[in-house]
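Report on the structure given below.
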Amino acid sequence: MRYTSFTSYDFVLLAQGLGVSLALFLATTLIGLLVGTIWAVIRFYRVPVLTQFITFFAELLKNSPVLVQLFLVFFGLPAVAKINVTPVEAAVITLSGNTAAFIYVIAVSAIESIGRDQIESARVFGLPRWQILRHVIAPQAMAFAVGPLTGLLVNQLQVTSLISVIGVVDLTKIGNILNLRTLKPFIVWTIVGGLYYVTAKLVALGGAKLERRLRAHTAWKGL
């Protein structure tokens, strides 16, 4: 039986789909931040072999379609490695790797924006590498990176809509289900698009607020 009108439960489904999208976005953002930052630190210290491999791998992830990466992980990995990969696992692996690749580029640019004289001065005072990284590099790099990072996260939130093609029941998948049931695409996709817009706007506002605070803090510290 096909219904042609919305019910109150449809809004519950939309809320659940939005929850799935946000959960995956937050999880992959945290993983991507961790992995991308580690890659950037390895690049900063020019670790042999690893630096070249990470640079090549990040370029590969940045310059290939996310949908192709998603298909490779979901369909290709089980065929090659003979392991089962669920749609959610494939989404987490793909989006985390893609986010990490872009964060790596942002982090490298942020680190390289810091004057070498500051780092050399810290070394003269006998600070070990981890203290230089923590007290000299990290605060300034974070202030520099927040702006580009916010733009990246807004884009990555929208990219999560691609995971519906492998069966993850996210906001876009719920929208597709409601569209097929109600036959009212304009209303359904306007609501779905509005939810994505509001969520992305909140991410952008949060990033802008954090950037202002970090820049004010570093200015006050005289960095």
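The values are calculated or read from the model by the stated rules, or taken from the named source; none is laboratory data. In this text, all values refer to a predicted model and were calculated from it rather than measured experimentally. Cβ atoms come from the backbone with ideal geometry, glycine included; neighbour counts cover every protein chain shown. Just so you know, the surface numbers come from the protein's heavy atoms only, side chains and all, with ligands and any DNA or RNA stripped out. Shrake-Rupley method; radii C 1.70, N 1.55, O 1.52, S 1.80 Å.
Quick notes on this one:
- In the chain, excluding the sites themselves, the longest stretch lacking any of the chymotrypsin sites (Phe, Trp or Tyr not before Pro) that are in a DSSP loop with at most 16 other Cβ atoms within 10 Å is 126-223.
- Where the chain is the region considered: accessible area per residue in Å², 1.4 Å probe: 57 Å²
- Helix runs (DSSP H) in the chain reaching 15 Å along axis by Cα, Kyte-Doolittle at least 0.5: 8-44, 50-62, 87-112, 138-159
- Here the chain was treated as a single set of alpha-carbon atoms; its pair distances binned every 10 Å from 0 give 7, 27, 29, 20, 11, 4, 1, 0 percent.
- Sulfur and carbon atoms: percent of accessible area, the stretch 135-203 [1.4 Å]: 76 percent
- Longest segment of the chain lacking trypsin sites (Lys or Arg not before Pro) that sit in a DSSP loop with at most 11 other Cβ atoms within 10 Å: 83-223
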